[in-house]
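The values are calculated or read from the model by the stated rules, or taken from the named source; none is laboratory data. Because the structure is a prediction, the values reported are computed rather than measured. Don't worry about glycine lacking a Cβ; one is built from the backbone with ideal geometry, like all the others, and counts go over all protein chains shown. Note: areas computed on protein heavy atoms with side chains; ligands, DNA, RNA excluded. Shrake-Rupley method; radii C 1.70, N 1.55, O 1.52, S 1.80 Å.
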Amino acid sequence: MNRYSFNAVLLSLILGPSIGSAQNPLDFGSDIRTADPSGHVWADGKMYLYTSHDEECQEDFYMKDWYAFSSDDLVNWESHGPILSVDDLTWADNYAWAPDAAYKNGKYYLVFPAGTGMKDRQNPKNSTKWMGIGVAVSDSPTGPFKDAIGGPLWRDPYANDPSLFIDDDGKAYLYFHGTGKDYHVVEMSDDLLSVEGEFQKMDMGGYEPKMEGPWVFKRNGIYYFTMPENNRILSYYTSDSPKGPWKYQGVIMEEEASSNNHHSIVEYKGQWILFYHRWLDTPESSCKKKQRHVAAEYLHFNGDGTIQKVKRTTQGVSNFPGKIEKAKQNSSNHLE
């Protein structure tokens, strides 16, 4: 047996149990219901996911806290949470929805939506629901995070689903879903604790479907504005500026069973990963209804920077440890 074959056998013995037990959705080590994953890689080299937390059989997205999970192989995850709760806020008591995170000035920042009131779906005119975006800070990527400004960044317009993008020059931009302010961006102060200037309407090339949950990232000098189009289909635009103008490029992932989606896209150890959530049957649950679970797939780019369409799979990124180990072996063999 040559050395390569021996290494391959050894690798299968080492990774076999981990790969066999991996699954899509991701296994966070408990039956916790999670959604709206925001993926980030910090200086320690781990992947971190910041998520909202669906309480079991919750009523109408009444959500109370946020979680973080970390992993160095995308298969084995450590739970860190809750990292912040609406009980820690003086200005909101509900709707702990989709968060995002950033690292700047030696601190970790959690930007999060929260709100008050109730939504009357039968008689919308009676609704009192309001949501705003807050900022919490920690010395650790796993928290605990503390409300840094004691209120939302603004109270009007109603807003949620923040996406905080920090460009290579350190300038920070906040994108969000807001009443009358979709497809707007606002610049953040250097300390990320306030906004600078006015909301700026971006040029989307004439195509502006209903949206929520934007996610912005940069690759090879191209900016990507991605979102759940009509709250269901993941689609994207590209630009040479974080403020646009943007060019619509099409669909990343089709909708599933008329349910919403919320995602993030991040590179980890040379692989681009799409994190998202799925609505799946949970027969072990007392309410016997579909609930949300965070999942992941590989994402691939064409030579011109466009994104290849992604299909949902049951295996997801369960073979990630093997991919990374194989890449290491190939690199080692080339050096010899």
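Please find, among 81, 132, 45, the residue that is open to solvent by 10 Å² or more (accessible area, probe 1.4 Å), in contact (Cβ under 8 Å) with a residue 12 or more places away in the chain and farther than 27 Å from residue 322 by Cβ. Exactly one of 81, 132, 45 is open to solvent by 10 Å² or more (accessible area, probe 1.4 Å), in contact (Cβ under 8 Å) with a residue 12 or more places away in the chain and farther than 27 Å from residue 322 by Cβ, namely 81. What are the residues in the stretch 218-273 that are of a type in the set (Ser, Thr, Tyr), assigned to a loop (DSSP other than H, G, I, E, B) and over 14 Å from residue 175 (Cβ atoms), if any? Hit for the stretch 218-273 is 258, nothing else. When the stretch 95-116 is filtered for residues that are open to solvent by less than 10 Å² (accessible area, probe 1.4 Å) and within 14 Å of the chain's Cα centre (by Cα), the ones remaining, listed by number, are 98, 99, 100, 101, 102, 110, 111, 112, 113. Restricted to the stretch 271-309, and to residues there that are among the aliphatic types (A, V, I, L, M) and within 16 Å of the chain's Cα centre (by Cα), the residue that is nearest to residue 31 (Cα to Cα) is 294. Scanning the stretch 48-78 for residues that are farther than 19 Å from residue 111 by Cβ, open to solvent by less than 30 Å² (accessible area, probe 1.4 Å) and charged (D, E, K, R) gives 54, 73. When the residues of the stretch 35-82 are filtered to those that are of a type in the set (S, T, N, Q) and within 21 Å of residue 93 (Cβ to Cβ), the one that is farthest from the chain's Cα centre (by Cα) is 58.
In the list 235, 258, 241, which residue meets the criterion of being of a type outside the set (Lys, Arg) and either closer than 17 Å to residue 272 by Cα or open to solvent by less than 20 Å² (accessible area, probe 1.4 Å) (or both)?
Values: 258 fails: either closer than 17 Å to residue 272 by Cα or open to solvent by less than 20 Å² (accessible area, probe 1.4 Å) (or both); 241 fails: either closer than 17 Å to residue 272 by Cα or open to solvent by less than 20 Å² (accessible area, probe 1.4 Å) (or both).
Step by step, each of 235, 258, 241 is checked, and only 235 is of a type outside the set (Lys, Arg) and either closer than 17 Å to residue 272 by Cα or open to solvent by less than 20 Å² (accessible area, probe 1.4 Å) (or both).
Could you say whether any residue in the stretch 13-30 is within 30 Å of residue 329 (Cβ to Cβ), at pLDDT 95 or above and aromatic (Phe, Trp, Tyr)? Yes - at least one qualifying residue is present in the stretch 13-30. The requirement of being among the charged types (D, E, K, R) and under 19 Å from residue 115 (Cα atoms) is fulfilled nowhere in the stretch 184-202; no residue meets it.
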